[in-house]
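Visitor: The structure under discussion is supplied below as structure tokens; questions concerning it will follow.
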Amino acid sequence: MLDVAFIAGWQGVRRLRPIDRWPAFQLYFRRDDGSQIGDEAASLPILPDRKPGDWMLDDFCSGAVPEIHAKDTTDGVCYEFGRGPVGRTGDFGCFYGNRRTKAVARHATETDRLGMFHVGVTIPAAVLLFDLFVHRDLSEALSPEVLVQGRLQTHYEHEDHAVIRLPISTRVHNLGRDPAVSTPLVKNYDGLIGAAMAGGGWNPADFHCLRLVLEYPPMPSTVTMRYPLPDTE
């Protein structure tokens, strides 16, 4: 079984008009057939000093961060931005993350043949940064396929249901093991990743970083990195 952690975030968010709620993050773990793996309660905070369910990374948030509302859905939990000021005075950035131990199987099963990591684009954005950190022992995950899929529905569905694959050219760059991950796209990004690694008890030198940068990702869409799971040895 593999441990899994993820961090999601938005930076430089600006409201153009008032709105009560807007979907920001959605949490789910699913098999290839769409069935759910575990539940939200199995997830742990990225930072070990936080209470269960406290997944906001406050030290890396900035500006007028609105209240975050958790909404139960048929697919798990959706986190929504609440009300906030319109215009530049309301600019904000916020980050959220959690981790699971023994979350998913490393090897293929009858219901799982692919390892897939999804990023949902739910807000018009200038750029998407998608980094996948892969442990040095998982050589099978170092050359993932990338899918960009349009999603007009409001919630996650299995990829074969009402999903349009978009003809967008993408390229994943392998930055190598223990790379310098800082980027002008995210303020203090190296500190953010370092905190996540420390929270999980992982050594950054054991991980490759696979980086995908997509300018003006279509909205709504899902960007996926996936790879075939190896058969049991």
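Visitor: Order these by the 10 Å Cβ neighbour count, fewest first: 117, 133, 81.
Guide: Listing 117, 133, 81 from fewest to most nearby Cβ atoms yields 117, 133, 81.
Visitor: How far apart, in nanometres, would the label points at residue 175 and residue 73 be if each is projected 7 angstrom from Cα along the Cα-to-Cβ direction?
Guide: About 2.8 nm separates the two model spin labels.
Visitor: Mind putting a number on the dipole of the range 59-122 about its Cα centre? Charges go on the C-beta only, +1 for Lys and Arg and -1 for Asp and Glu, and I need it in Debye to the nearest 20.
Guide: 200 debye
Visitor: How would 116, 219 line up from fewest to most surrounding beta-carbon atoms within 10 angstrom? It would help to have the intermediate numbers written out before the result.
Guide: Working: 116 18, 219 13.
Fewest-to-most ranking of 116, 219: 219, 116.
Taken together, the values in this text are just the output of simple stated rules run on the coordinates, not laboratory data. Since this is a predicted model, take the numbers as computed values, not measurements. Note that we place each Cβ from the backbone using ideal geometry, even for glycine, and neighbour counts take in every protein chain shown.
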